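Heads up, the thing below is written out as structure tokens.
FYI, it's all coordinate maths here, none of it is from the lab. Keep in mind that what you see is a predicted model, and the values were worked out from it rather than measured. Please note: Cβ atoms are built from the backbone with ideal geometry, for glycine as well, and neighbour counts cover all protein chains shown.
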Protein chains: 4
Amino acid sequence: MRAAMRFFSDNAASVCPQVMEALAKANHVDTAYDGDALSERLDGAFSDLFGKQVRALWVTTGTAANCLGLATLCPPHGAILCHEMAHIEVDEAGAPGFFTHGAKLTLLRGEGAKVTPETVEEACHRVRDDVHQVQPAALSITNASEYGLSYRPDEVAALGELAKRRGLGFHLDGARFANAVAFTGADPADLTWRAGVEVMSFGFVKNGGMNAEALIFFDPARAEVVPRLRKRAGHLLSKGRYLAAQILAMLDKDLWLANARAANAAAAALAEACGAERLLYPVEANELFARMTADEAARLRALGYDFYDWGPGEVRFVTSWDQDMDDVGKLASAIKSL
Amino acid sequence: MRAAMRFFSDNAASVCPQVMEALAKANHVDTAYDGDALSERLDGAFSDLFGKQVRALWVTTGTAANCLGLATLCPPHGAILCHEMAHIEVDEAGAPGFFTHGAKLTLLRGEGAKVTPETVEEACHRVRDDVHQVQPAALSITNASEYGLSYRPDEVAALGELAKRRGLGFHLDGARFANAVAFTGADPADLTWRAGVEVMSFGFVKNGGMNAEALIFFDPARAEVVPRLRKRAGHLLSKGRYLAAQILAMLDKDLWLANARAANAAAAALAEACGAERLLYPVEANELFARMTADEAARLRALGYDFYDWGPGEVRFVTSWDQDMDDVGKLASAIKSL
Amino acid sequence: MRAAMRFFSDNAASVCPQVMEALAKANHVDTAYDGDALSERLDGAFSDLFGKQVRALWVTTGTAANCLGLATLCPPHGAILCHEMAHIEVDEAGAPGFFTHGAKLTLLRGEGAKVTPETVEEACHRVRDDVHQVQPAALSITNASEYGLSYRPDEVAALGELAKRRGLGFHLDGARFANAVAFTGADPADLTWRAGVEVMSFGFVKNGGMNAEALIFFDPARAEVVPRLRKRAGHLLSKGRYLAAQILAMLDKDLWLANARAANAAAAALAEACGAERLLYPVEANELFARMTADEAARLRALGYDFYDWGPGEVRFVTSWDQDMDDVGKLASAIKSL
Amino acid sequence: MRAAMRFFSDNAASVCPQVMEALAKANHVDTAYDGDALSERLDGAFSDLFGKQVRALWVTTGTAANCLGLATLCPPHGAILCHEMAHIEVDEAGAPGFFTHGAKLTLLRGEGAKVTPETVEEACHRVRDDVHQVQPAALSITNASEYGLSYRPDEVAALGELAKRRGLGFHLDGARFANAVAFTGADPADLTWRAGVEVMSFGFVKNGGMNAEALIFFDPARAEVVPRLRKRAGHLLSKGRYLAAQILAMLDKDLWLANARAANAAAAALAEACGAERLLYPVEANELFARMTADEAARLRALGYDFYDWGPGEVRFVTSWDQDMDDVGKLASAIKSL
């Protein structure tokens, strides 16, 4: 099957050429772990991007980035509020429980996997402030959300204010943060620290990277213990420069944003083809969730298209940074012809 | 500083060209996680190497490989016997405690960081079999050892027999297993499963890889839960094919062995230059621990050589797969001239 | 305030005289920990009660009993299915996460805090069988439930069959098991092992004990590791005979059942006074949840009665083994007069 | 066997009458958990004893007290320095690893299970300050020590100063603190907070209590999270007043000290009988470790005395608060006659 026919997952996409070149260029001796010249540039590169002094560490997976971050916000006896469809709840195999030594995820409901101040407030209100009940310690949101919706700056800020008032740490799962920035056109700062986010995972792998994600602390003091936690979790690579190289290549000339725009554009084209009646949610990133009968799905598959069965009568398409727009156009036509 | 002048750590070395080529060749869409064509070849490749059906999983660090392996051998309330200089004790930031949920490392003494049946027996004997004392559950050795000594097959087998008799799981930290195989000339099977080893980490990063290590279970049934543990620890990479590609490239035509032989040869040349009176231990892999006054060390450093101060009056040289033998010869001469 | 006026919690009640006598009688030297003559009688006493060879251990709290039991049924990477109002979820401060090293509670809905086969099946069905999702490993129910409802033998059996089919361990929180047996008149065996329950906590403290609860394993082999887990959690008391004495005194001549019957009778009298329109749930144990305006509650309190505000317009009464029936009658009249 | 003939363990002794009376007197309804009148007096009672505002919590075992205390001093990624014979290392089944979520015990050597500033300094010095090595976070000593030696105030103070300088939390295992105070005649304050101790377990069970120990924080702010940790570990008893009652009875009129003096006097009498050549250590509390041939031990046992075989040619006698001095005298004579 040709790559261009795959709309299954952005995790399956190839690595973009600039990243491959950066790996080749990094291929010489340097200090081990994160003492190399490239790793030492990470803090600065992200500080430039966010317009604020931050602390940035590489890790190899979003799960590690999310859970190391959460471990700094929530003690073992605390709770993390998140959407019931949150990746940390649904798709990380219990990693939050592992990294936090047993903290609890308290699940919130809401359309499109988005968290609202109301659901957070309600969840906090329900907890008696005594030693018998696990007290909320942190809030985690995903932007773009697990259903491909992008929070706007004011939505994040409303959650940030509430988190502050309630004494909750505020974490952002940014596996597809690039797609949210590309879609909203917002300043990355407005979607994060200016809106109260304290820690985020910044995804690169789904967006053209090979195996490097960034864990960002907007208050560098908060990150002090993280290098130890990272090492203790087996996530301190000895040749860290090959991770730093990937991230720096993606940040260079805003490649991360260009890639996300390409993926979003492909999704938008498919969304247009689907039409409002098929779409379960507006398409605000690089994922589409659409109503489709089993027969319709079979017909698309017979044409060579690969995608995910989401639920009965529902399918998911995910577009990638390297999606060929001709192929996208053909799939769009095929969908229209169903 | 030229790479060739660095004798600080094999972790700092570059990635060998065959691995870089394999990464480039793997750069196309494929199934995410470890469902890709390359990852699926790992079991077979290692089964061929060891002459036995094994289960092999990629991870990105030796710490993760060691600790995921140990987690299958030792319950949270058990103890792992290891040398007091073992990497898992000294250099993994408490990762064994993290991955095992609090198991204990019981430390053994012995020359050159090597474990003997006597020290294991003595440690087991000391423990009362009651609920107040933590019971030994596993034995872990490192080959080549943290002081660059290589266990011979019969040494491993003696430990394996004892482990079996005592009901201990048997783990091998093989961060420099290649160097031990290269030095002893032993069949990898004789240093592992035929000698009773049940789980091992097989190191590639120090030997020319970029960021892929292998975790090998000689009884595939024992590995059943490991994919879950790996994911839960944030170690399931979404583009796993780029790890599998590295390992397969290293296994191809025994590149792993050729690289280790090169590193060992460089070490042997330096060992010859040092002479027995300088050496703290025989050189049986790619590390040298040598007596050297601060003044002597300073003179070598003035010539541009980089190495590690091990202790007062002691230094460590580590050679890598890509060490230039001309440079090695010059350093050897410089040492002789001290 | 006189004790008889308190309907706040059975945790606040006094210790029954037979338990106090048993403590006095046990007050002589004996072997420490659980090697004493009384502790050694526990297995036999519970085996007689249940008509089956069981393994029984004392602990001091229901939380410890529940969580040590759950730790044998669910690995750190698994999930325990329970009602969203379950004590282990709502009132144990995250202890299940602590004792299981991070396992997850998957919450079920249902009337009166009761679990049904449908909710269990639905929760299992929702989980993809892959490494990304936490797999259900155990089912936990509470009998009598957190809303004072008693499961009947066939209800437990239906859950037990499903648990077996789904490969789930089956745990029973029996903090008020005595009240459920007293209400249903069922054979304890029919509410437990004959219905598939594998592990239970058997509560005594709410029923007249001082600080001893029992942890029962219906398959003694399953309990093998538990003495270690108990010690590791700091729950192995050095003078364990004073716990065993309490439990044996409660089992003697079915004092546990007599006490539960007394508490249930008091609750039944209040239930009759409340009438169906006030009651949120049928009263099937020693707890009542009733609709009551703030004004009505204030009037009862002005008469000297102590009880819990459950929610807006809702109150909870709990009756104890030592409730004076005259006082109960007076409260019943007062409720009727509201 | 008569109780008086038992010199096996102070854990086996009976409960003293004043404690039994206090339990009887506490036997009426009161608020559950630790909201009762007796529990609320604990802080004050210990504050009086120590001449300083402290926070005191009851728990049922020394293991729980020690490990809850240590959990406040040492993060999961830290190390606790303690003697290699420390109870927390040797006899708590890995509980420190459980309560701290995997912290490490770094073992110190030294005569009579006593820790010295030199051994602490040496252990700290050995650790590189990088992310690969587990950093020391706390120091724990036992007074009286596991070999029955009592630290003097200046010895504790020297360790306290070092702990402060090194940034280590300072924990005292006071399972036999009463015996140390009785032996040294020191002010309890001088053996604890004035000497830098921050957290201690204060033992009562070995000294005449039934199942109540105290966990003391000399800085109440440090204790803030502990009620949650206690509950999460299943150590919050619902009828806590029966624990508080025991402790208050022991503190009343310094019963704890009188009991310890009685036990120490019995030990001193046996020590005199043994003579210096038999004793492995000076007797400074209620334990004796003595050289004794198997034949000699058998002869004492034939006379009805019960004690512990410590090692080849070594025995241990432990005396209790209720030891009959006539029996002690007879055992002393028997030892002299060996």
query: Ordered by residue, what ³J(HN,Hα) values in Hz, to whole numbers, does the stretch B:219-229 give under the Karplus form 6.51 cos²θ - 1.76 cosθ + 1.60, where θ = phi - 60° and Gly and Pro are x?
result: 10, x, 4, 5, 8, 3, 7, 5, x, 5, 4
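Given the DSSP H assignment, sum -39500 (n - 2.57) over each helix run of at least 4 residues in chain C and divide by its residue total; what's the result at 222 nm in deg cm²/dmol, nearest 500? List each step's numbers first, then the result.
On the way: 13 runs with 130 residues, N = 338.
It comes out at -11500 deg cm²/dmol, rounded to the nearest 500.
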Test item: C:50-61 mean partner chain Cβ contacts at 10 Å: 2
Only Lys, Arg (+1) and Asp, Glu (-1) charged, at Cβ; the stretch B:224-338 dipole about Cα centre in debye: 740
message: If I model a spin label at residue A:165 and residue B:299 as a point 7 Å from the Cα along the Cα→Cβ vector, what separation in nanometres do I get?
response: 7.4
query: If amide H atoms are built 1.01 Å from N in the plane of the peptide, which residues on other chains or at least 5 residues away come under 5 Å of the amide H of residue B:106?
result: B:80, B:81, B:82
task: Give a residue-ordered list of calculated ³J(HN,Hα) values for the stretch C:74-89 (Karplus: 6.51 cos²θ - 1.76 cosθ + 1.60, θ = phi - 60°; whole Hz; x for Gly, Pro).
output: 9, x, x, 9, x, 10, 10, 7, 7, 5, 5, 9, 4, 4, 4, 7
query: With N residues in the stretch A:1-128, what two-decimal value do you get for its Cα radius of gyration over 2.2 N^0.38 Å?
result: 1.38
message: What FRET efficiency comes out for residue A:309 versus residue A:277 if R0 is 22 angstrom and r is the Cβ-Cβ distance? Round to the nearest 0.05.
response: 0.65
task: Run the dipole for the stretch D:190-249 about the Cα centre, Lys and Arg Cβ at +1, Asp and Glu Cβ at -1, nothing else charged, and hand back the magnitude in debye, nearest 20.
output: 360
- prompt: If you wrap chain C's Cα atoms in a convex hull and average its projection over all directions, what's the area in nm²?
  reply: 17.0
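Computed over the Cα atoms, what is the radius of gyration of the stretch A:104-244 divided by 2.2 N^0.38 Å, N being its residue count?
Numbers: Rg = 16.1 Å, N = 141, 2.2 N^0.38 = 14.4 Å.
Normalised Rg, Cα atoms only: 1.12.
Report the calculated FRET efficiency for residue A:219 and residue A:109 (r = Cβ-Cβ distance, R0 = 30 Å), to the nearest 0.05.
Numbers: r = 30 Å, r/R0 = 1.01.
It comes to 0.50.
Any idea what % of Cα-Cα pairs in the protein assembly as shown are farther than 47 Å? Show your work: numbers first, answer last.
Values: 370632 of 913276 pairs.
Taking all Cα-Cα pairs of the protein assembly as shown, the fraction more than 47 Å apart is 41 percent.
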message: Ratio of alpha-carbon Rg to the 2.2 N^0.38 Å globular estimate for the stretch B:62-176, to two decimals, please.
response: 0.96
Charge dipole (chain A, unit charges on Cβ, about Cα centre) - positive-most of A:69, A:279, A:297: A:69
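For the pairs A:52/A:164; B:25/B:239; A:231/B:114, note any where the Cα-Cα span goes beyond 21 Å.
A:231/B:114, as the Cα separations exceed 21 Å there.
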message: Pairwise over distinct Cα atoms, reciprocal of the mean inverse distance: report the Kirkwood radius of the stretch A:52-93 in Å, one decimal place.
response: 11.8
task: Run through the DSSP bridge list for the stretch A:153-224 and note the antiparallel percent, rounded to the nearest 5.
output: 50
message: Let's test the formula: R0 of 30 Å, r as the Cβ-Cβ distance of residue B:337 and residue D:128. What FRET efficiency results, to the nearest 0.05?
response: 0.45
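At 25 °C and 0.890 mPa s, what whole-number value in µm²/s does Stokes-Einstein give for the translational diffusion of the stretch A:258-338, with Rh from the Kirkwood sum over Cα pairs?
Details: Rh = 12.4 Å.
Estimated via Stokes-Einstein, D reaches 198 µm²/s.
One quarter of the convex hull surface, Cα atoms only: what value does that give for the stretch A:120-178 in nm²? Can you show the working numbers first?
Details: hull surface 18.2 nm².
Projected over every direction and averaged, the Cα hull of the stretch A:120-178 covers 4.6 nm².
Could you compute how fast the stretch B:186-260 diffuses translationally, taking Rh as the Kirkwood radius over C-alpha pairs and applying Stokes-Einstein at 37 °C with viscosity 0.692 mPa s? Give it in µm² per second. Present the calculation step by step, with values, prior to reporting the outcome.
Working: Rh = 13.7 Å.
Here the translational diffusion coefficient equals 240 µm²/s.
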field: Under 10 Å, Cβ to Cβ, from residue A:89 - net charge with Lys/Arg +1 and Asp/Glu -1
entry: -3
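What helices in chain D pass both tests, a Cα length along the helix axis of 20 Å or more and a mean Kyte hydropathy of -1.0 or higher, using whole DSSP H runs?
Details: long enough: D:255-274 (29 Å, 0.89).
Passing helices, by number: D:255-274.
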Other protein chain Cβ atoms within 10 Å, averaged over every residue that makes up B:75-82: 4
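So what is the orientation-averaged projected area of the stretch A:286-326, using the convex hull of its C-alpha atoms, in nm²? All intermediate terms of the calculation are to be shown ahead of the outcome.
Numbers: hull surface 12.1 nm².
The number I arrive at for the stretch A:286-326 is 3.0 nm².
If one computes P(r) from the Cα atoms of the stretch B:156-208, what percent of pairs lie at distances over 16 Å?
For the stretch B:156-208, the fraction of Cα-Cα distances above 16 Å is 40 percent.
Given +1 on the Cβ of Lys and Arg, -1 on the Cβ of Asp and Glu, and no further charges, what dipole in debye does chain C carry about its Cα centre, rounded to the nearest 20? Write down the numbers at each step before the final one.
Values: 34 positive and 44 negative charges, 108 e Å.
For this selection, approximately 520 debye.
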query: When the Kirkwood radius is taken over all Cα pairs of the stretch A:110-152, what Stokes-Einstein diffusion coefficient follows at 20 °C and 1.002 mPa s, in µm²/s?
result: 181
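Can you tell me the relative contact order of the stretch D:63-206? Whole percent, Cα pairs under 8 Å, sequence separation 6 or more. List each step's numbers first, then the result.
Working: 280 pairs, mean separation 35.9, N = 144.
Relative contact order here is 25 percent.
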- prompt: Highest mean first, what order results for B:125-131, A:155-161 on Cβ atoms within 10 Å?
  reply: A:155-161, B:125-131
- line: Within 10 Å of the Cβ of an average residue in B:197-206, the count of other chain Cβ atoms is 1
statement: Relative contact order in percent for chain B (Cα pairs under 8 Å, 6+ apart) equals 25
- prompt: How many Å³ per residue does the convex hull of the Cα positions in the stretch C:184-319 occupy?
  reply: 164
